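The structure appears right after this line, and notes come after that.
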Amino acid sequence: MISRRERVANYVILSAFAAFALFPIVTILSAALGPADSGGTAGLGNFAAAWEIGHFGTYLRSSLLVSGFVVVVSVVLSIMSGYAFGTMRFRGQSALFYLFLVGIMMPSEAIAVPLYFDLRTLGLIDTFWSVTLPQVALSVAFGTFWMRAYFRASNRAIVEAARIDGASSWRILWRVLLPPARPAVVTLTLLVFMWTWNEFLIPLIMVTSESLRTAPLGLAFFQGQYTSGFTLLAAGSVIVATPVVIFYLFLQRHFVRGLLQGAVRE
């Protein structure tokens, strides 16, 4: 049993960490809702001004298209590759899996320059594919590791029973193993979405057209135009962060469940 003193100490420590984490958010929100730098009225008008001046409608639409494509392709490929590594045995399995692990440890800064020249040779620079394909590759590396761990911990008896009944590997994956894996898949979806939405370096290097700029990149250009306008910059930051917050709140229950069930375990 936890004593009252220990319980109070836990609440004090957690409250301190919560205050430390929420302080920057409260500061940005206060600045975004405060008086405009030009002397105008405060409130939601700052968001309207930032939206119009910063062209955030175009940037958010681009980010949603990029994030949606990367999430769907990465999650589907990760499920299939994780299933293969977690339930099957084939030649070169260990070496190939370690190659995927290298993809997890390789930061985008290390591959950005050679990747740029490779995509330029293929004629893909300043296109939708130059932004999405590198992020799919980076996300599949982690997704494979994530889903492999889940499938390795799955109930083998159910898999063997399905095989005895004549179910194919494809049917076992999508009809037997995947429905119970919803928390792990949702957690992976949320992580990939947040990483893709917040990615800055790859769009910065790969695109020059304004229509292809993602929201974080558009915010950086907006900051360059309004270095002295902190109110509009704060409003733009809130606009860019809002979709991620909404997406997280919508999937929060499944995300926590996926972590508590130990989706990543050997």
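General remarks:
- Contacts under 6 angstrom Cβ, first residue in the range 1-30 being farther than 17 Å from Val245 by Cβ, partner open to solvent by less than 70 Å² (accessible area, probe 1.4 Å) and not in a helix (DSSP H, G or I), 6 or more apart: none
- Taking first residues from the range 105-120 that are under 14 Å from Ala141 (Cα atoms) and partners that are at pLDDT 85 or above and charged (D, E, K, R), the Cβ contacts under 9 Å between residues at least 6 apart in sequence or on separate chains come to Ser108/Glu199.
- Helices (runs of 4 or more DSSP H) fully within the range 141-232 counting 2 or more residues that are of a type in the set (A, V, I, L, M) and closer than 30 Å to Gly123 by Cα: 182-198, 201-206, 215-225
- Some residue of the range 153-163 being among the β-branched types (Val, Ile, Thr) and either open to solvent by less than 20 Å² (accessible area, probe 1.4 Å) or at pLDDT 85 or above (or both): yes
- Evaluating Val113 against the criteria (1) open to solvent by less than 70 Å² (accessible area, probe 1.4 Å); (2) of a type in the set (Val, Ile, Thr); (3) not in a loop (DSSP other than H, G, I, E, B) leaves one unmet condition, (1).
- For the range 102-129, a residue qualifies if it is within 18 Å of the chain's Cα centre (by Cα) and hydroxyl-bearing (Ser, Thr, Tyr), and exactly one does: Ser108.
- Counting only helices (runs of 4 or more DSSP H) that sit wholly inside the range 1-102, those with at least 3 residues that are closer than 30 Å to Thr144 by Cβ and open to solvent by 50 Å² or more (accessible area, probe 1.4 Å) are 56-87.
- Of the residues screened, Arg163 is one that is over 24 Å from Leu188 (Cβ atoms) and either over 23 Å from the mean Cα position of the chain (by Cα) or not basic (Lys, Arg) (or both).
The values are calculated or read from the model by the stated rules, or taken from the named source; none is laboratory data. In this text, all values refer to a predicted model and were calculated from it rather than measured experimentally. Note: ideal-geometry Cβ built from the backbone for every residue, glycine included; neighbour counts use all protein chains shown. The accessibility values were calculated without ligands, DNA or RNA, using every heavy atom of the protein model including side chains. Shrake-Rupley method; radii C 1.70, N 1.55, O 1.52, S 1.80 Å.
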